[in-house]
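Worksheet: one structure, shown below.
The values are calculated or read from the model by the stated rules, or taken from the named source; none is laboratory data. All values derive from a computational prediction rather than experimental measurement. Heads up, the Cβs are rebuilt from the backbone with ideal geometry, glycines too, and the neighbour counts pull from every protein chain shown. To get the accessible areas, we keep the full protein, side chains included, count just its heavy atoms, and leave off ligands, DNA and RNA. Shrake-Rupley method; radii C 1.70, N 1.55, O 1.52, S 1.80 Å.
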Amino acid sequence: MSEKKAQLTIDGVADPIELPVYEGSTGPDVVDVRSLVSKGIFTYDPGFMSTAACDSEITYIDGDKGILLHRGYPIEQLAERVSFLDTCYLLLDGELPNSTEKAEFENSIRYHTMVDEQIHQFFRGFPRTAHPMAMLVGVVGALSAFYHDTLDNENPEHRKLAAHRIIAKMPTLAAMCYKHGVGQPFMYPQNDMGFAENFLHMMFGTPCDPPKVSKILSRAMDTIFLLHADHEQNASTSTVRLAGSTGANPYACIASGIAALWGPAHGGANEAVLAQLAEIGDESNIEEYILRAKDKDDPFRLMGFGHRVYKNFDPRATVMRGICDEVLDELGLENDPLFRIARKLEKIALEDEYFIERKLYPNVDFYSGIILKAIGIPTGLFTVIFATGRTPGWIAHWDEMLSSPYKIGRPRQLYKGHAKRDIPS
Ligand code: CMC
């Protein structure tokens, strides 16, 4: 139990209120304010800037130092040495799998990649022009209709089954979102392929012409999924936890996470990077856009630069940059006009005083947008890829919450409306 204490003195209250202070294994201390409600006081923290809503053992971020750890392992080491599925196992289980566990887990995921044929009918109901995220949020929620018999949240085996099912089916559904939009037949998953390779097969193959998926592109895709796997209590993960705290089923909870991710302030930034590169249009226009980004009176921002949490560098962006070079090289796109603009923009911004002073480095979305575009993924699908990568994080947090005693998430408010009044007679 906590040795440290904080004291809160409020005008008009004679004695200070003593509050326990807890130390995490690393990172800031937290003051336990739970007893305040019994004294008629709430704390006020819109945006949860200073509020820890839970304790967690999954992911740790130190934004000032550019550190991202999953279960203690640095993201750079995971990206270099293990696969996305190993990382899923790590997030869910707490440890990296040994060879038997790895084989079992990969088999289980493989076994669950297909979706019920009825799901095809759901897709057929959407207009061809539907945004892929609009379809994804709907069909993931709809999955709960197919698994009534395994939705007991109190049962760890049911939770594990749901976790494997959702992780396995996300790439299948993501590819279906694409295929529906372009009017091509859905491709069935291939159980002899790896996770990312299978995704690219379902995306770019047709029954007449199965694609040959390059090893470099599969690896890049796997790394993109891995780098998005978790990011502690971000908006979508907190949404999943909040929905889960009501006892909602896992498919509904993940659908709520997908809805939260869809917003441009969260998952939509890599799409915006590509839109901006297209708008710049030519290397000769870059200077003008840099000037606009620096102009105090212009709300314009360079998309893909800066981060709320990482104020030195984003460790995911460092890994992604290396992959970006490999992919452009593999596809012979170094001289493509759009990618030349991206390279020049990156160089100018990294050398410009304005960006250096404010620590505005290219973020993960800058490079992931470029890689996904180079692979041939349409920009409308970028957030769907993010959701596919983030699914193990969402489900690991949901499972962690349900594994120990928890309370329904129910924030309070500072009420500023009318006090009680009567309707005039
Ligand atoms: N272009 C130009 N100036 C910028 C940019 C930018 N992209 N980002 C921040 N600034 C300036 C800003 O004008 C301010 O300048 P000053 O101090 O002179 O007023 C200073 O840098 C600090 O900005 P801030 O708004 O206080 O920083 P923030 O931490 O609140 O914002 C951010 C972080 C990511 C919202 C912002 O950098 C941004 O809008 N970037 C572009 C959008 C983007 O790439 N978003 C993806 C982020 S990664 C998502 C993820 O990890 O899920």
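So the values come out like this:
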{"item": "Output for the stretch 351-374, where each listed residue is within 20 Å of the chain's Cα centre (by Cα), away from the ligand (no atom under 12 Å from the Cβ) and open to solvent by less than 50 Å² (accessible area, probe 1.4 Å)", "result": "ILE370, ILE371, LEU372"}
{"item": "The listed residue being more than 11 Å from the ligand (Cβ to nearest atom), farther than 30 Å from LEU69 by Cβ, surrounded by 14 or more Cβ atoms within 10 Å (Cβ to Cβ) and touching a residue at least 12 places away in the same chain (Cβ under 8 Å), out of LEU338, LEU328", "result": "LEU338"}
{"item": "Qualifying residue in the stretch 245-252 (condition: touching a helix residue (DSSP H, G or I) at 6+ places or on another chain (Cβ under 9 Å), away from the ligand (no atom under 11 Å from the Cβ), open to solvent by 10 Å² or more (accessible area, probe 1.4 Å) and in a helix (DSSP H, G or I))", "result": "yes"}
{"item": "Of residues in the stretch 109-153 being open to solvent by 80 Å² or more (accessible area, probe 1.4 Å) and at pLDDT below 95, the one farthest from ILE385 (Cα to Cα)", "result": "ASP149"}
{"item": "Cβ-Cβ under 8 Å pairs, at least 6 apart or on other chains, the stretch 288-305 side farther than 17 Å from LYS359 by Cβ and open to solvent by less than 70 Å² (accessible area, probe 1.4 Å), far side part of a loop (DSSP other than H, G, I, E, B) and near the ligand (Cβ under 6 Å from one of its atoms)", "result": "TYR289/LEU302"}
{"item": "Among (1) loosely packed, with under 14 Cβ neighbours inside 10 Å; (2) under 21 Å from GLU197 (Cα atoms) - the single one GLU106 does not satisfy", "result": "(1)"}
{"item": "Scan of the stretch 87-96 for residues that are over 17 Å from the mean Cα position of the chain (by Cα) and not hydrophobic (A, V, I, L, M, F, W, C), ordered by number", "result": "ASP93, GLY94, GLU95"}
{"item": "Qualifying residue in the stretch 209-226 (condition: in a loop (DSSP other than H, G, I, E, B) and modelled with pLDDT of 95 or more)", "result": "no"}
{"item": "Qualifying residue in the stretch 263-277 (condition: open to solvent by 20 Å² or more (accessible area, probe 1.4 Å) and either modelled with pLDDT of 95 or more or more than 30 Å from THR59 (Cβ to Cβ) (or both))", "result": "no"}
{"item": "Matching residues in the stretch 258-294 - criterion: being assigned to a helix (DSSP H, G or I) and more than 13 Å from the ligand (Cβ to nearest atom)", "result": "ILE258, ALA259, ALA278, GLU279, ILE280, GLU283, SER284, ASN285, ILE286, GLU287, GLU288"}
{"item": "Some residue of the stretch 217-238 being under 29 Å from PRO127 (Cα atoms) and free of Cβ contacts under 8 Å to residues at least 24 places away in the same chain", "result": "no"}
{"item": "Residue list for the stretch 341-350, filter: over 28 Å from PHE199 (Cβ atoms) and open to solvent by 20 Å² or more (accessible area, probe 1.4 Å)", "result": "LYS344, LYS347, ILE348, LEU350"}
{"item": "Test for THR383: is it among the hydroxyl-bearing types (Ser, Thr, Tyr), more than 12 Å from the ligand (Cβ to nearest atom) and either surrounded by 24 or more Cβ atoms within 10 Å (Cβ to Cβ) or over 19 Å from ARG321 (Cα atoms) (or both)", "result": "no"}
